[in-house]
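**Q** Sharing a structure, written as structure tokens. Questions coming.
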Amino acid sequence: MYDRETVIQWYPGHMAAAIRQLEQRIRLIDVFVEVVDGRIPIAGANPNLAELIGRKPRLLVLSREDLADPETTKQWLDYYAGRSAKAVAVNARNAASYAQASFFLTQLTGSARTRGTARAMVVGIPNAGKSQVINGLLRRDVARVEDKAGVTRAPQWFRVGPNLEMMDTPGILVPKIESLVAQWMLAMCGAIPRDKFNPENVVHSFVDWSRENLKRRPPPDLEAFATARRMLRTGGELELHNAALAYVKDFNDGKFGRVTLESPPEKKP
Ligand SMILES: Nc1nc2c(ncn2[C@@H]2O[C@H](COP(=O)(O)OP(=O)(O)OP(=O)(O)O)[C@@H](O)[C@H]2O)c(=O)[nH]1
Ligand SMILES: [Mg+2]
């Protein structure tokens, strides 16, 4: 049996330092670009960042459109539109994906641009795609992007044009992730480094979830996955730890199809 109650937390010192640094710079910022993995728009958002943004103009960028379920992404965009929030879905790796995001950003920075240089701060949890989004909006690979959480460690400014500057920031989680569901979802989507959680537990939780939610195209369970991959130890037993890490990677490479883990709250009738 596996122990699903093991708590997943990751709040290294650089995150606590980063949130303080962002607070100190808040006066400089005209617009926030909040990047959230479009497969987990709830678990993947950080309420402490929402508090930091306060009432300043915000563009919500749902990343990983290419990995998310298209129908649910549409529902999420309708949900935000109904609350008059500016939100777009992007495949952050695809240059063609940024037209609407650029348009909204130009709108939101309009009055600040006329006064001089507008400043946008890009925020989100680790591995959400913040640096990738900066490169996409700049149309140049300037910010360091890597397929692991915790790559950007300090705030950094980039000039986007004659009158716009954007700040890349380190991914910031909440000090304590309250819900166990949010914990496995964050780990499954790559927001937590692989040595900070038990991948077998996370995959088991995902498979349990998929039994309810992906009935038409169920992903394999961990044992079937390991068997198909012939991931065996010397004694012939399944090597489930490495299989689970490979499973998480396959999920993030879209091998189980386009999957969104969270849907918008139901509309009241
Ligand atoms: N398929 C896909 N991959 C994406 C997308 N957005 C980001 N990625 C990938 O996700 C990984 C993380 O992207 P980064 O831009 O480094 O993430 P970050 O938010 O800056 O992460 P930290 O600096 O660690 O906080 C990279 O491998 C990106 O190429 C997307 O929309 N689709
Ligand atoms: Mg980064």
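**Q** Of the numbered conditions (1) within 30 Å of Ser263 (Cβ to Cβ); (2) open to solvent by 40 Å² or more (accessible area, probe 1.4 Å), Arg229 fails exactly one; give the number of that condition.
**A** Only one criterion is unmet by Arg229, namely (1).
**Q** Considering only segment 202-226, state which residues are part of a loop (DSSP other than H, G, I, E, B) and surrounded by 15 or more Cβ atoms within 10 Å (Cβ to Cβ).
**A** Leu214, Pro219, Pro220, Asp221
**Q** Might you let me know whether segment 152-163 holds any residue that is assigned to a loop (DSSP other than H, G, I, E, B), in the same structural domain as Asn91 (by TED's automatic domain parsing), of a type in the set (Lys, Arg) and within 12 Å of ligand 1 (Cβ to nearest atom)?
**A** Among the residues of segment 152-163, at least one is assigned to a loop (DSSP other than H, G, I, E, B), in the same structural domain as Asn91 (by TED's automatic domain parsing), of a type in the set (Lys, Arg) and within 12 Å of ligand 1 (Cβ to nearest atom), which makes the answer yes.
**Q** Does Glu223 satisfy the criteria of being out of contact with any Pro (no Cβ under 7 Å at 6 or more places or on another chain) and modelled with pLDDT under 95?
**A** On the way: out of contact with any Pro (no Cβ under 7 Å at 6 or more places or on another chain): yes; modelled with pLDDT under 95: no.
For Glu223, the condition - out of contact with any Pro (no Cβ under 7 Å at 6 or more places or on another chain) and modelled with pLDDT under 95 - is not met.
**Q** Still on this structure, I have one more. Quickly run through segment 187-201 and pick out the residues that are open to solvent by less than 50 Å² (accessible area, probe 1.4 Å) and either under 17 Å from Asp37 (Cβ atoms) or of a type in the set (Val, Ile, Thr) (or both).
**A** Across segment 187-201, the qualifying residues are Ala187, Met188, Cys189, Gly190, Ala191, Ile192, Pro193, Phe197.
**Q** Is at least one residue of segment 11-30 polar (S, T, N, Q) and touching a helix residue (DSSP H, G or I) at 6+ places or on another chain (Cβ under 8 Å)? Spell out how you get there, then give the answer.
**A** Applying the first criterion (polar (S, T, N, Q)) to segment 11-30 yields 21, 24.
Applying the additional criterion that residues be touching a helix residue (DSSP H, G or I) at 6+ places or on another chain (Cβ under 8 Å) yields none.
Checked segment 11-30: no residue is polar (S, T, N, Q) and touching a helix residue (DSSP H, G or I) at 6+ places or on another chain (Cβ under 8 Å).
**Q** Name the residue, out of Leu59, Leu67, Leu108, that is hydrophobic (A, V, I, L, M, F, W, C), in a strand (DSSP E or B) and either away from ligand 2 (no atom under 16 Å from the Cβ) or at pLDDT below 95 (or both).
**A** One residue alone meets the criteria, Leu59.
**Q** Consider segment 113-148. How many of its residues are assigned to a loop (DSSP other than H, G, I, E, B) and either open to solvent by less than 20 Å² (accessible area, probe 1.4 Å) or within 13 Å of ligand 2 (Cβ to nearest atom) (or both)?
**A** Matching residues across segment 113-148 total 13.
The values are calculated or read from the model by the stated rules, or taken from the named source; none is laboratory data. This one's a predicted model, so the numbers in the text were calculated from it and none came from an experiment. Every residue, glycine among them, receives a Cβ derived from its backbone with ideal geometry; neighbour counts consider all protein chains shown. Keep in mind that these areas ignore ligands, DNA and RNA; they rest on the heavy atoms of the full protein, side chains included. Shrake-Rupley method; radii C 1.70, N 1.55, O 1.52, S 1.80 Å.
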